[in-house]
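K.L.:
Below is the structure I would like to discuss, written out as structure tokens.
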Amino acid sequence: MTDGYDASFLRLTDPLDLRADAPGEDDRVRLDYTHFSVVQDTGRKLAAVTAVNIDGAALVEVERSDDWHLDERIPADQQAGPEVYARNDLDRGHLVRRRDPVWGSREVARQANADTFAYTNAAPQAAEFNQSKELWLGLEDYLLDHAAANDQRLSVFTGVVFAADDEEYRGVQIPRKFWKIAAWADGDALATTAYLLDQTPELDRIDLATATAEAPPLGPYRTYQVPVEEIGALTGLEVAALAAADRMPAPRPTALPDPGRWVALQSWDAITL
């Protein structure tokens, strides 16, 4: 089953399209999976954008598969595959969380679970686990709780921030920042929030030329809530419709991106919804 992300899932008047048309990017391909889609940047070998529909009222518990696999619809050399993660401390970080698309009938849920283990849905993340990473991993659950009055439905967009100076490791430039935009229906209106996960390395300590079997020292995780428009500024993606529904207070006029507007998250209480 490859029904992919459904733009009408939130039952709003205007469909919430999956956009990945950053200026100058012509090497991106959309791949549809069960309840989610991936827009793969074939040059960077990683997903520029993923989009998933989450029906919290219909989630199904299925056994975790851990059967990571390449997507046969695109060449292997356009995907960051198993060689990137071998013999080091890099995690295959799910962009679409394993549990998020696992809903519906048991057959469909099992297929969705398996689909999340495609390498196109992974990005290299430092294995270090701390409070900020725990917040990042639990964001969808937290937001679903707040969307319970509206059929427990979310559409979540996730991706990486591609920077020209990202360090190359085993033929793949390792992203330093990951982003997420959550969208849900508040009555008949759209509501959104955005988040950024930062694993920026201390650049003067990195020597990948001699660290062929070790993970680059990416440093600790830091999780922020950010204005939705910041994601557009960092990625070049068109996020105007999502930014118009942002639940963060209206920002002061400033040049973007502006880390001064990022709210570091230490607990759920710091999130503005």
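The values are calculated or read from the model by the stated rules, or taken from the named source; none is laboratory data. What you see is a predicted model; the values in this text were computed from it and never measured. Positions of Cβ are backbone-derived with ideal geometry, glycine not excepted, and every protein chain shown enters the neighbour counts. Surface areas here come from the heavy atoms of the whole protein model, side chains and all, with no ligands, DNA or RNA. Shrake-Rupley method; radii C 1.70, N 1.55, O 1.52, S 1.80 Å.
K.L.:
Considering each of Val108, Val96, Val62 in turn, give the residue that is touching a strand residue (DSSP E or B) at 6+ places or on another chain (Cβ under 7 Å) and touching a residue at least 24 places away in the same chain (Cβ under 8 Å). It would help to see each step written out before you state the result.
P.N.:
Working: Val108 fails: touching a strand residue (DSSP E or B) at 6+ places or on another chain (Cβ under 7 Å); Val62 fails: touching a strand residue (DSSP E or B) at 6+ places or on another chain (Cβ under 7 Å).
So the residue among Val108, Val96, Val62 that is touching a strand residue (DSSP E or B) at 6+ places or on another chain (Cβ under 7 Å) and touching a residue at least 24 places away in the same chain (Cβ under 8 Å) is Val96.
K.L.:
Condition test on Arg97, is it farther than 24 Å from Gly232 by Cα and either touching a Leu at 6+ places or on another chain (Cβ under 7 Å) or part of a loop (DSSP other than H, G, I, E, B) (or both)? Explain how you work it out, then say what you get.
P.N.:
Details: farther than 24 Å from Gly232 by Cα: no; either touching a Leu at 6+ places or on another chain (Cβ under 7 Å) or part of a loop (DSSP other than H, G, I, E, B) (or both): yes.
Answer is no for this residue.
One line per residue, one yes/no per condition, for (1) open to solvent by 10 Å² or more (accessible area, probe 1.4 Å); (2) over 21 Å from Thr34 (Cα atoms); (3) touching a residue at least 24 places away in the same chain (Cβ under 8 Å):
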residue: Ala114; (1), (2), (3): yes, no, yes
residue: Pro124; (1), (2), (3): no, yes, yes
residue: Val156; (1), (2), (3): no, no, yes
residue: Ala163; (1), (2), (3): yes, yes, no
residue: Arg176; (1), (2), (3): yes, yes, yes
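K.L.:
Of the residues that sit in the stretch 79-93 and are of a type outside the set (Phe, Trp, Tyr) and touching a strand residue (DSSP E or B) at 6+ places or on another chain (Cβ under 8 Å), which one is modelled with the lowest pLDDT? Write out each step before concluding.
P.N.:
So the first thing to find is which residues in the stretch 79-93 are of a type outside the set (Phe, Trp, Tyr), and the list is 79-84, 86-93.
Imposing the further condition that a residue be touching a strand residue (DSSP E or B) at 6+ places or on another chain (Cβ under 8 Å) reduces the set to 79-80, 84, 89-93.
On the way: Gln79: 97, Ala80: 95, Val84: 92, Asp89: 78, Leu90: 84, Asp91: 87, Arg92: 90, Gly93: 88.
Among those that are of a type outside the set (Phe, Trp, Tyr) and touching a strand residue (DSSP E or B) at 6+ places or on another chain (Cβ under 8 Å), it is Asp89.
K.L.:
Which condition number does Arg87 fail, the rest of (1) of a type outside the set (A, V, I, L, M); (2) touching a Phe, Trp or Tyr at 6+ places or on another chain (Cβ under 7 Å); (3) farther than 26 Å from Arg11 by Cβ; (4) in contact (Cβ under 8 Å) with a residue 60 or more places away in the chain being met?
P.N.:
Evaluating Arg87 over (1) of a type outside the set (A, V, I, L, M); (2) touching a Phe, Trp or Tyr at 6+ places or on another chain (Cβ under 7 Å); (3) farther than 26 Å from Arg11 by Cβ; (4) in contact (Cβ under 8 Å) with a residue 60 or more places away in the chain leaves (2) as the failure.
K.L.:
Let me ask something else. Inside the stretch 70-106, can you point out the residues that are surrounded by 12 or more Cβ atoms within 10 Å (Cβ to Cβ) and at positive phi?
P.N.:
Gly104
K.L.:
Return yes when Asp67 is open to solvent by 20 Å² or more (accessible area, probe 1.4 Å), among the acidic types (Asp, Glu) and assigned to a loop (DSSP other than H, G, I, E, B) and no when it is not. Explain how you work it out, then say what you get.
P.N.:
Numbers: open to solvent by 20 Å² or more (accessible area, probe 1.4 Å): yes; among the acidic types (Asp, Glu): yes; assigned to a loop (DSSP other than H, G, I, E, B): yes.
Judged against the criteria, Asp67 is a match.
K.L.:
Still on this structure, please answer the following. Please verify whether the stretch 62-78 includes one or more residues that are among the basic types (Lys, Arg) and at pLDDT 95 or above.
P.N.:
Kept after step one, since they are among the basic types (Lys, Arg), are these residues of the stretch 62-78: 64, 73.
Still in the list and also at pLDDT 95 or above: 73.
The answer is yes; a qualifying residue exists.
K.L.:
Please determine whether any residue of the stretch 238-253 is small (Gly, Ala, Ser), at pLDDT 90 or above and in a loop (DSSP other than H, G, I, E, B).
P.N.:
Yes; the residues of the stretch 238-253 include at least one that is small (Gly, Ala, Ser), at pLDDT 90 or above and in a loop (DSSP other than H, G, I, E, B).
K.L.:
Let me ask something additional. Quickly run through the stretch 164-204 and pick out the residues that are hydroxyl-bearing (Ser, Thr, Tyr) and within 20 Å of the chain's Cα centre (by Cα). Explain how you work it out, then say what you get.
P.N.:
Within the stretch 164-204, the first condition is being hydroxyl-bearing (Ser, Thr, Tyr), and the residues that meet it are 169, 192-193, 195, 200.
Within the stretch 164-204, Thr192, Thr193, Tyr195, Thr200 meet the criteria.
K.L.:
Scan the stretch 25-59 for residues that are open to solvent by 20 Å² or more (accessible area, probe 1.4 Å) and free of Cβ contacts under 8 Å to residues at least 40 places away in the same chain and report the count.
P.N.:
7
K.L.:
If you go through the stretch 205-223 one residue at a time, do you hit one that is modelled with pLDDT of 90 or more and out of contact with any Phe, Trp or Tyr (no Cβ under 8 Å at 6 or more places or on another chain)?
P.N.:
Taking the stretch 205-223 as the starting set, the residues that turn out to be modelled with pLDDT of 90 or more are none.
No: zero hits.
K.L.:
Does Asp145 satisfy the condition of being open to solvent by 50 Å² or more (accessible area, probe 1.4 Å), in contact with a Gly (Cβ under 9 Å, 6 or more places away or on another chain) and either closer than 18 Å to Phe36 by Cα or without any contact (Cβ under 8 Å) to a residue 12 or more places away in the chain (or both)? Step through it out loud before you land on a result.
P.N.:
On the way: open to solvent by 50 Å² or more (accessible area, probe 1.4 Å): yes; in contact with a Gly (Cβ under 9 Å, 6 or more places away or on another chain): yes; either closer than 18 Å to Phe36 by Cα or without any contact (Cβ under 8 Å) to a residue 12 or more places away in the chain (or both): yes.
Yes: the conditions hold for Asp145.
K.L.:
Would you check if Val38 is assigned to a strand (DSSP E or B), at pLDDT 95 or above, of a type in the set (A, V, I, L, M) and under 19 Å from the mean Cα position of the chain (by Cα)?
P.N.:
Taking the combined requirement at face value, the residue satisfies it.
K.L.:
Further question on the same structure: For Val161, work out the one condition from (1) over 20 Å from the mean Cα position of the chain (by Cα); (2) hydrophobic (A, V, I, L, M, F, W, C); (3) under 20 Å from Thr192 (Cβ atoms) it doesn't fulfil.
P.N.:
(1)
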